[in-house]
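Asker: Pasting a structure below so you can have a look.
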Amino acid sequence: MNDLIYIVISGFIIGLFTSVPVGPLGILTIQRTLNRGRWHGLITGLGASTSDLLYAAIVGFSMSFVTDFINAHQFWIQVIGSAIIILFGVHVFRSNPVDRLSSVKKATKSDYFSDYISAFGLCLSNPLIIFIFIGLFAQFNFFTPEQTWYENIVGLCSILLGAFSWWLTLTLLVSKLRNRFNIRGLWILNRITGLLLVILGLVVCIKALL
């Protein structure tokens, strides 16, 4: 029982550590929460959390193979990932907050699905997070050969819980401040968000070329 409790706590901490740094997904979650409402922010966070979960499972069950694959195809992975980030940044930069605000009350399942898929894909375009998981797994002695399949599943669920708890906290905090933003504030936020995503994509692409 003590081993299982340690796995749950370790998995929760690992999920937090991989989500808390405010990168493009954090900015995107804040922007969507302000523009569309808390549910869009939560769905965005859920997309990021499940993408992290997928990478955690890949690392846990095939650590050596994944590391070799990343090293062999790192250039193309970075180039394609940066292109996705740049295109998404341009889309956010050009989006109109007035249209977004007018659609908050009539959001459909397809809107939420689009939020989920775009966040999942954006997070998935950064496979270097695999090395973060490798380091954290080694630090916490996580996914060891001695652990049973049941303990591995519990560990993965704990990572998902830790990651999503961060997005839940962030979304609720931003939602509290949402009424303090006017249309111009949202417009500026869209421009800043889109510009940061484009810059991030360019930096990744330049690093790959160099």
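Asker: Got a number for the accessible area of Ile9? Probe 1.4 Å, square angstrom, nearest 10.
Answerer: 90
Asker: If you don't mind, another one. Tell me which residues come under 5 Å, amide H to amide H, from Val20 once H is placed; ignore anything under 5 positions away on its chain.
Answerer: none
Asker: Tell me the accessible surface of Val20 in square angstrom (1.4 angstrom probe, heavy atoms of protein chains only), to the nearest ten.
Answerer: Surface accessible to solvent at Val20 totals approximately 60 Å².
Asker: I would also like to ask the following. Quick check on packing: order 40-48, 121-129, 148-156 by the mean number of other C-beta atoms within 10 Å, highest mean leading.
Answerer: The densest-packed peptide leads the list: 40-48, 121-129, 148-156.
The values are calculated or read from the model by the stated rules, or taken from the named source; none is laboratory data. Nothing here was measured: the structure is a model prediction, and the numbers come from that model. No Cβ is skipped: glycine too gets one built from the backbone with ideal geometry, and neighbour counts run over all protein chains shown. Each accessible area value is taken on the protein alone, full model and side chains, heavy atoms only, with ligands, DNA and RNA left out. Shrake-Rupley method; radii C 1.70, N 1.55, O 1.52, S 1.80 Å.
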